[in-house]
Amino acid sequence: GMDLSMPILCAPVAGVRINKMPDLTEKELATSLIEGAKLAGTIGMAGDGGDGEVFEATLAATKEAGGFAIPTIKPRLNEEVLKRIRMAVECGARAVAIDVDAAGLTNMALTGQKVEPKSGDKLREIVGKAGVKVILKGIMTPEEALIAVDAGVSGIVVSNHGGRAMDFTPATATVLPSIAEAVSKRMAVLVDGGVRSGIDVLKMLALGADAVLIGRPLAIAGAGGGIEAIKDQLLDYSAQLKRAMILTGTQDAAH
């Protein structure tokens, strides 16, 4: 229900210590992603993690941005997921996401944080009690996408968690067309993974995505130049997309 200036969003990147970003605080990273996206006319996502400081930073940045953000929650036990959704809603969040492919990440286990795979029934409970639109990030098969549809989820992100959740998973561009076909316009289909230019954005749109998420390059921009750098990077991607559309005779990126 939000009008964005481009079909490009900031992917949720968090965990400055785990991801070797020692010159940043969690709050600085979350604020850069969310405020930088807002200045560029689009929306940023920010994350959750085993360290409580991560989600606290996401909530604070979301509130400061007037709720123009999508907090992303690990697939914790349902009670904990719903608790965090309520906190996000109190901060004005327009939607929330759950990165379901984080169910096997060791960094959560190392901090004693329980995460689990989500069945259709568990997803239906979350959606039914959330009071806000729910997005599932980490979908890699048509079967998973259909479970999301049946659970009443509003959108999915086709994602292999930056290639870090499990070796030898296919590229998201490879699986995207079959997932988009299975969903058949019943929910928003987003995608991330390896998008590094406006031309890459156009490729993903052509393969069936409604919009794309970009993570690493924007995190690097944020580490180097904060809010303004992320804004500038996003605007550059948007300009590249427009040039690619002109040169390919694409009058409308919608499909």
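Show me the ranking of peptides 110-118, 179-187, 140-148 by mean Cβ neighbours inside 10 Å, starting with the highest.
140-148, 179-187, 110-118
Which listed residue (Ser154, Pro177, Pro12) has the Cα farthest towards the positive end of the charge dipole for the chain, taking +1 on Lys and Arg C-beta and -1 on Asp and Glu C-beta about the Cα centre?
Among Ser154, Pro177, Pro12, the one farthest towards the positive end of the dipole of the chain is Ser154.
Taking a quarter of the surface of the Cα convex hull of the range 126-234, what do you get in nm²?
About 7.7 nm², averaged over all directions.
Would you work out what percent of the accessible area of the chain, with all protein chains in place, is carbon or sulfur (probe 1.4 Å)?
Carbon plus sulfur share of accessible area: 55 percent.
Just give me a number: lysine pairs in the range 102-255, eight or more positions apart or cross-chain, with C-alpha atoms less than 20 Å apart.
14
Can you find, among Leu207, Ala165, Ala188, the residue sitting farthest towards the positive end of the charge dipole of the chain, where Lys and Arg contribute +1 and Asp and Glu -1 at Cβ?
Of the options given, the answer is Ala188.
At 20 °C and a viscosity of 1.002 mPa s, what translational diffusion coefficient does Stokes-Einstein give for the chain, taking Rh as the Kirkwood radius over Cα pairs? Give it in µm²/s as a whole number.
Translational D for this selection: 119 µm²/s.
P(r) for the range 136-189, please, calculated from all Cα pair distances in 5 Å bins and given in %.
Over the range 136-189, the share of Cα pairs per 5 Å bin runs 4, 23, 34, 22, 12, 5, 0 percent.
Once amide H atoms are placed 1.01 Å from N in the peptide plane, what residues at a sequence separation of 5 or more from Lys133, or on another chain, have their amide H within under 5 Å of its amide H?
Val96
Taking θ = phi - 60°, what integer Hz values does the Karplus form 6.51 cos²θ - 1.76 cosθ + 1.60 yield along the range 210-218, in sequence order, with x for Gly and Pro?
8, 6, 10, 10, 10, x, 3, x, 6
How big is the range 54-168 on each of its three principal axes, counting only the C-alpha atoms and giving the largest first in Å?
Over the range 54-168, Cα extents along the principal axes are 39, 33, 23 Å.
Figure the gain on full extension for Arg216 and Ser184 (residue separation times 0.36 nm, minus the Cα-Cα span) and round it to one decimal in nm.
8.6 nm
I'd like to know which of Thr106, Ala60, Thr72 lies farthest towards the positive end of the charge dipole of the range 50-128, counting +1 on Cβ of Lys and Arg and -1 on Cβ of Asp and Glu.
Thr72
The values are calculated or read from the model by the stated rules, or taken from the named source; none is laboratory data. Worth saying up front: this structure is predicted, and the values here are computed from it rather than measured. With ideal geometry, Cβ positions are generated from the backbone for all residues, glycine too; neighbour counts draw on all protein chains shown. SASA here: full protein model, heavy atoms, side chains in, ligands and nucleic acids out. Shrake-Rupley method; radii C 1.70, N 1.55, O 1.52, S 1.80 Å.
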